[in-house]
Each structure stands twice: as C-alpha cells, then as structure tokens.
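Q: Structure incoming, see below.
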Amino acid sequence: MTPSFREFATARRAALRRTAYLMCGDWHLADDVVQDALARLYADWPRLAGRGPVEAYARKVVVNGVLAHRRRPWRREVAAPALPDVPDPRSGDGAPAGADDGTRDVLLRALAGLGASQRAVVVLRYWDDLPVDEVARVLGCSTGNVKSQAARGLAHLRDALGARPDQEVTP
Amino acid sequence: MTTDPYPTDPATDPAARPAADETAGALLGAALGTLVRDEPPMRFTVEDVERRGRLLQRRRRRTRVGLGAGVLVAASGAAFLSAGAPGWQGAQRTPGVALGPTATPSQTTGTGDPNGTSLPVGFPLNEAFVAVQGALPDGVRLGDLPPDVAWEPGGPGYVAAVRVPLARGNAVPRHGGATLRLGPRCALDGADAVLDDVQARAVADAVCEVWTTWGRPDPLAVPPAPSTPPDPAA
C-alpha cells in the first residue's frame with residue numbers, strides 16, 4: 001500500500017537530509033534542498049503515489065537540487081587546499097564524540113576535493129549503498145560512468161586517508 | 001584499532017581489486033557515518049513542507065490558468081483577424097471557410113465579449129488536458145488537439161465530455177478515439193487501443209481530482225451576459 005505523503009516525509013526526510021549533507025557539506029543547504037524536494041513531492045504526490053515507490057524520485061530531486069546549487073556561479077563552492085580553522089585532532093576541541101582521531105576532518109577535506117558529480121556518486125554508492133544501475137538512474141548517466149567515478153573517488157579518498165601520518169582509518 | 005582498508009595492492013593483484021574496493025567501500029560508508037553523527041536538529045517540520053507544497057500547487061495552477069487564458073486570447077485574436085478585422089489588409093477571408101476555432105460560444109470554456117477576448121470560466125480545457133497528460137503511463141502521449149476541441153454534452157449521467165487524442169509511442173493519434181467524461185465518477189471511454197482499464201481509470205480519476213479542486217463547475221454553463229449600464233440621459 002502506498003503511504004501518505006506525511007508518512008513518507010516523516011520516515012524519509014532525515015535520511016534524505018544526511019545524503020544531501022554528505023553531498024554538499026552544509027547542513028543548512030541540506031535542509032533547504034530537502035525541504036524544496038519534499039515540497040515538490042507534495043505537489044506531485046497524487047500523480048507519483050499511483051506509480052509505485054517514490055523513494056527513487058525523492059532522492060533524484062534531492063541530488064539534482066544539490067548539483068544545481070553547486071552549478072550556480074554566485075554560490076559555487078571553491079575547493080581549498082586546506083580548511084580554515086581546522087581543530088587539532090588530538091585536542092578533541094570541536095570534534096564530535098567518536099571522531100576525535102582526525103578522520104572526520106580528513107574525510108571532510110577529501111570529500112570537498114571531489115567534483116560535485118563524483119562526490120554524488122561516492123555518497124550514493126557507499127553511503128546510501130545503492131547498486132550501480134540505480135546510481136546511474138538517479139544521476140542520469142551510464143553505469144560505466146558510475147563505476148569509473150566511484151573507483152576514482154574511492155582512490156582519491158584512499159590517498160587522502162592514507163596520507164595521514166598515523167595511517168589509520170577508524171570509522 | 002588500526003585497520004588497513006587495502007590489505008592487497010590492487011595494482012599488483014588485479015584479481016583482488018573488486019574485493020578490495022568492496023572492503024574500502026564498506027569502510028568508507030562507515031567513515032561517512034561519522035560525518036553525520038553530529039547532525040543538528042532539523043530546521044523544518046513536515047507541516048512546513050506541506051505548507052510550501054500547497055503554495056507550489058497554487059502557483060502552478062495559477063500559471064496553467066494564465067497560460068490557458070493566454071492561449072484562448074491568442075486564438076480569439078487570430079480568429080478575429082482571420083475573420084477580417086477592420087483596417088487589417090492581410091485578412092482576405094474566403095466566405096464560408098472557417099479559420100481558427102469553430103466552437104460556438106456555448107461550447108467554449110471562456111466568456112466571450114464583442115472584442116473577441118475570452119477568460120476562462122467553469123472548468124478550463126487546459127486543466128483537464130494537463131491532468132490527462134500527467135496521468136498517462138510511459139509510452140502513451142497526448143496528441144495534437146484538434147482546432148475545434150471543446151466541451152460537449154456528456155450524455156446520460158455525465159456533465160460534460162471532451163474528445164482526447166491519445167497515441168502510443170510515435171503513432172499518429174486517433175482524433176476522437178477516446179472520450180473523457182465528467183460526472184459523479186469521471187470516465188475515459190474508447191481508449192482501449194492505448195490504455196488498459198486500470199490506466200484509463202487512473203487518468204479519469206486524475207481529471208476528476210483536478211475538477212473537484214475547481215469545485216466541480218459545469219464546463220458547459222453559459223456565463224451571464226454582461227449587464228448594460230443604465231443610460232444617464234434616460
């Protein structure tokens with residue numbers, strides 16, 4: 001049975017927001033994008049709900065929202081070689097519990113170094129755990145493209161994480 | 001604990017690459033989890049989203065009505081000019097040949113006035129066709145509308161009806177092949193060639209839903225004639 005919009009939004013908005021955050025690195029932007037996406041979903045709900053699961057559509061709208069935001073020239077994120085005001089990983093200041101070994105900052109920096117679509121592929125593939133063909137459908141590209149982008153993104157992150165002085169990855 | 005995400009060097013052992021990537025992907029997924037662990041509270045509620053969604057729906061509806069009115073005005077203007085507007089030399093209409101919409105005033109969804117302008121009343125045709133288009137399954141499309149498309153009497157038990165050209169793929173749509181009827185329960189008849197019963201039911205329900213949001217007006221209702229202002233000299 002197809003859930004109501006309210007049931008769907010209540011159940012899925014947090015997951016969509018996390019996906020959006022990992023793609024853009026900004027909780028406020030993730031909130032805006034997910035809210036926009038869910039509002040569009042609400043407007044189209046009678047049409048979409050009769051056609052089966054709407055999860056894929058919602059994810060696609062969120063991904064497109066983040067990518068469209070990155071394309072806007074006045075808001076384009078500029079990849080910087082170093083993050084300003086990075087807290088000392090050993091001090092624990094500003095770092096959440098369980099992430100005080102610096103992995104979090106290294107990973108944030110490494111993610112910021114990926115291109116927008118490559119980052120989207122990495123997040124959808126390894127965070128949302130979507131199969132390659134589903135990622136290709138969401139991004140509107142070929143499965144070969146997804147595979148190559150995922151491999152390159154993984155290699156980039158591996159290099160970034162492997163370049164840490166302690167050579168550790170502790171999720 | 002120290003974990004080596006790449007126990008085997010993929011460059012030296014290509015056969016081990018998928019397994020290494022899989023392991024690395026799993027570790028990356030877990031590492032990404034640390035980034036969302038400090039998730040701040042959400043700044044919006046589902047009610048906020050529903051409110052924005054309703055605004056969006058209203059805005060879209062207004063846009064569609066505006067476009068529909070614009071099309072009707074343009075069609076009326078073209079008909080007026082092609083009928084031989086005074087002072088327009090380009091109009092050389094052959095008597096007896098209809099150019100442009102041929103619907104009678106009682107059939108149109110707009111209120112006509114002597115200047116040829118038209119505003120939508122009742123249930124605009126474009127609303128119905130937009131709803132039909134939105135509800136059609138993949139592979140089925142709405143064809144070009146005939147120039148004389150208009151609401152017609154719906155027959156026993158129905159308020160009004162309109163012909164809907166539907167086609168599958170790139171096939172040429174059959175004009176008048178399907179008939180959409182508005183009534184207590186809307187129906188799409190004659191679409192057997194391109195839609196099954198469930199799909200036809202879904203299309204009819206989609207139109208019925210939009211018609212209901214308009215308050216289920218009678219599309220064939222003739223708007224009241226504009227009142228003539230009293231003559232001050234009388």
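Q: So is A:Gly115 surrounded by 13 or more Cβ atoms within 10 Å (Cβ to Cβ), modelled with pLDDT under 90 and within 11 Å of another protein chain (Cβ to nearest Cβ) or not? First the steps, then the outcome.
A: Details: surrounded by 13 or more Cβ atoms within 10 Å (Cβ to Cβ): yes; modelled with pLDDT under 90: yes; within 11 Å of another protein chain (Cβ to nearest Cβ): no.
In short, no.
Q: Kindly provide the set of residues from segment A:10-35 that are of a type outside the set (Val, Ile, Thr), facing chain B (nearest Cβ under 8 Å) and either on the phi > 0 side of the Ramachandran plot or more than 15 Å from the chain's Cα centre (by Cα) (or both), ordered by number.
A: So the first thing to find is which residues in segment A:10-35 are of a type outside the set (Val, Ile, Thr), and the list is A:11-18, A:20-32, A:35.
Keeping just the survivors that are facing chain B (nearest Cβ under 8 Å) gives A:13-14, A:17-18, A:21-22, A:27-28, A:31, A:35.
Listed by number, the list holds a single entry, A:Gln35.
Q: Within segment A:7-41, which residues are farther than 20 Å from A:Leu130 by Cβ and either open to solvent by less than 10 Å² (accessible area, probe 1.4 Å) or acidic (Asp, Glu) (or both)?
A: Listed by number, the residues that qualify are A:Glu7, A:Ala9, A:Asp26, A:Asp31, A:Asp32, A:Asp36, A:Ala39.
Q: Let me ask something additional. With respect to A:Leu154, is the statement that it is at negative phi and crowded, with 20+ Cβ neighbours inside 10 Å true?
A: yes
Q: Right, something else. Quick one: how many residues across segment B:32-49 are surrounded by fewer than 14 Cβ atoms within 10 Å (Cβ to Cβ), within 17 Å of A:Val33 (Cβ to Cβ) and under 30 Å from the mean Cα position of the chain (by Cα)?
A: Number of matching residues: 1.
Q: State whether one or more residues within segment A:139-159 are touching a residue at least 60 places away in the same chain (Cβ under 8 Å) and acidic (Asp, Glu).
A: No - not one qualifying residue is present in segment A:139-159.
Q: Go through the residues of segment A:125-134 one by one and say whether even a single one is farther than 19 Å from A:Arg17 by Cβ and within 13 Å of chain B (Cβ to nearest Cβ).
A: yes
Q: With respect to the numbered conditions (1) modelled with pLDDT of 90 or more; (2) open to solvent by 30 Å² or more (accessible area, probe 1.4 Å); (3) more than 14 Å from chain B (Cβ to nearest Cβ), which one is the sole condition not fulfilled by A:Lys147?
A: Result: A:Lys147 passes all but (3).
Q: Can you tell which of B:Ala200, B:Ala187 is within 15 Å of B:Ala135 (Cβ to Cβ), open to solvent by less than 70 Å² (accessible area, probe 1.4 Å), modelled with pLDDT of 85 or more and within 14 Å of chain A (Cβ to nearest Cβ)?
A: So the residue among B:Ala200, B:Ala187 that is within 15 Å of B:Ala135 (Cβ to Cβ), open to solvent by less than 70 Å² (accessible area, probe 1.4 Å), modelled with pLDDT of 85 or more and within 14 Å of chain A (Cβ to nearest Cβ) is B:Ala200.
Q: For residues that are at pLDDT below 80 and either in a strand (DSSP E or B) or among the hydroxyl-bearing types (Ser, Thr, Tyr) (or both), tally how many sit in segment B:99-141.
A: The total comes to 12.
Q: Return the residue satisfying two criteria in turn: it lies in segment B:160-183 and is part of a loop (DSSP other than H, G, I, E, B) and modelled with pLDDT under 85, and of such residues it is nearest to A:Arg47 (Cα to Cα). Steps first, please.
A: To start, the set of residues in segment B:160-183 that are part of a loop (DSSP other than H, G, I, E, B) comprises B:169-173, B:183.
Next cut, modelled with pLDDT under 85 only: B:169-173.
Working: B:Gly169: 21, B:Asn170: 23, B:Ala171: 25, B:Val172: 26, B:Pro173: 23 Å.
If we take residues in segment B:160-183 being part of a loop (DSSP other than H, G, I, E, B) and modelled with pLDDT under 85, then B:Gly169 is nearest to A:Arg47 (Cα to Cα).
Quick grid of which residues meet (1) open to solvent by 10 Å² or more (accessible area, probe 1.4 Å); (2) more than 13 Å from the chain's Cα centre (by Cα):
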{"residue": "B:Pro137", "(1), (2)": "yes, yes"}
{"residue": "B:Arg141", "(1), (2)": "yes, no"}
{"residue": "B:Pro146", "(1), (2)": "yes, yes"}
{"residue": "B:Glu152", "(1), (2)": "yes, yes"}
{"residue": "B:Pro165", "(1), (2)": "no, yes"}
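The values are calculated or read from the model by the stated rules, or taken from the named source; none is laboratory data. The shown structure was predicted, so the numbers you read here are calculated from the model rather than taken from an experiment. Please note: Cβ atoms are built from the backbone with ideal geometry, for glycine as well, and neighbour counts cover all protein chains shown. Ligands, DNA and RNA are stripped out before the accessible areas are found, and what is left, the full protein with its side chains, is counted by its heavy atoms. Shrake-Rupley method; radii C 1.70, N 1.55, O 1.52, S 1.80 Å.
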